[in-house]
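What follows is one structure encoded as structure tokens, with my remarks underneath.
The values are calculated or read from the model by the stated rules, or taken from the named source; none is laboratory data. Here the structure is a predicted model, which means the values were calculated and not measured. Using ideal geometry, Cβ is built from the backbone for each residue, glycine included, and neighbour counts are taken over all protein chains shown.
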Amino acid sequence: MYNLNKSNETERIDDECYNEQFLSLYVLTLENLMFIFFYFFQLYFCFNAIFHRNTIQIITIASINLAFIFIGIMQLFEVGNTRNDLQNHCPNLGFYPQSDKGEVFFILVLAILAIFMGYLSHKLYRQFGWDVYKDIGGDVKIQKLYKTRLIFIMLLKLDALMIILFSGLLVPVFYILYKEKDGVTTPLMITSTIIMILVFFFEILAYHSLNNEWGVGMLIFIVFWILASFNFAGLCVVVFNLSLETRWYIGFIMVKKRRAEDSHDDKRDLISKPRMIKRDPSDPKFETKDTEKFVIDI
């Protein structure tokens, strides 16, 4: 990774730039993978709701699409702050100013699709509600129990997803804590790893206990989840403190090579310029080569 951070053949980006920005970009890569995984899960979540006529999941899908709009708006500010930090610490990196327009375009497209999905969700909710009414009847108590069951099953699915995503987010956190050799957080790391593995087994227990109406199994699941919640609360504190130092954010940055000679033609398109080293052409060691710099396209 460090070899990628060079501005030309004769110099590299300063150690300060690398040390302060590498972790944020590394975490950013994990976040991108997490979002890709989440989109595949959402596709499964949507088809599962349609095939099983799960009205609760239909509402949740519409809410998630709406939340993505606010995440996109947040991304505008986060990417802007990150770009400013990189400009201050890494003057050898150039940026495309058109990136802001691209962000706004994607947000508008996402908003239109979210509104359309919300309309379809409303239609499906009414249709599925009528189908469920014909199956279970008009007993209000039975309807409440059925709705509670749907909510619980949906939460089990979302919980499994969040555990997987949270585990991916904890990879850099545990790496930092391991390097620091912090004796206080080492037991927390070990305990958290064990609990996150056990969560999947207890979710299977909860699902079978629900279908078989086994009260003891549900009680065991509740007790385990209360203990796990305290552990996750401690992890949230650790992650929050590290996020203040590394400025974790939502967005994406693509790094690509660009010839320095092209920058003369695109001076108006680049915000920052590379630092060129002047050398005497009469010097026998002087060689005219194409220099390269990295341009960050946000």
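Values as computed for the structure displayed
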item	result
Candidate set from region 206-217 (those that are crowded, with 16+ Cβ neighbours inside 10 Å and either of a type in the set (Ser, Thr, Tyr) or free of Cβ contacts under 8 Å to residues at least 24 places away in the same chain (or both)); member that is nearest to Ile163 (Cα to Cα)	Tyr207
Matching residues, region 123-157, being within 16 Å of Phe221 (Cα to Cα) and free of Cβ contacts under 8 Å to residues at least 12 places away in the same chain	Leu155
Within region 182-231, considering residues that are more than 23 Å from Ile153 (Cα to Cα), in a helix (DSSP H, G or I) and aliphatic (A, V, I, L, M), the one modelled with the highest pLDDT	Ile194
Qualifying residues in region 102-147 (those that are surrounded by 12 or more Cβ atoms within 10 Å (Cβ to Cβ) and hydroxyl-bearing (Ser, Thr, Tyr)) - the one farthest from the chain's Cα centre (by Cα)	Tyr146
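One line per residue, one yes/no per condition, for (1) modelled with pLDDT under 80; (2) of a type in the set (Asp, Glu):
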{"position": "Ile69", "(1), (2)": "no, no"}
{"position": "Asn81", "(1), (2)": "yes, no"}
{"position": "Leu93", "(1), (2)": "yes, no"}
{"position": "Glu103", "(1), (2)": "yes, yes"}
{"position": "Ile112", "(1), (2)": "no, no"}
{"position": "Met117", "(1), (2)": "no, no"}
{"position": "Lys123", "(1), (2)": "no, no"}
{"position": "Gln127", "(1), (2)": "no, no"}
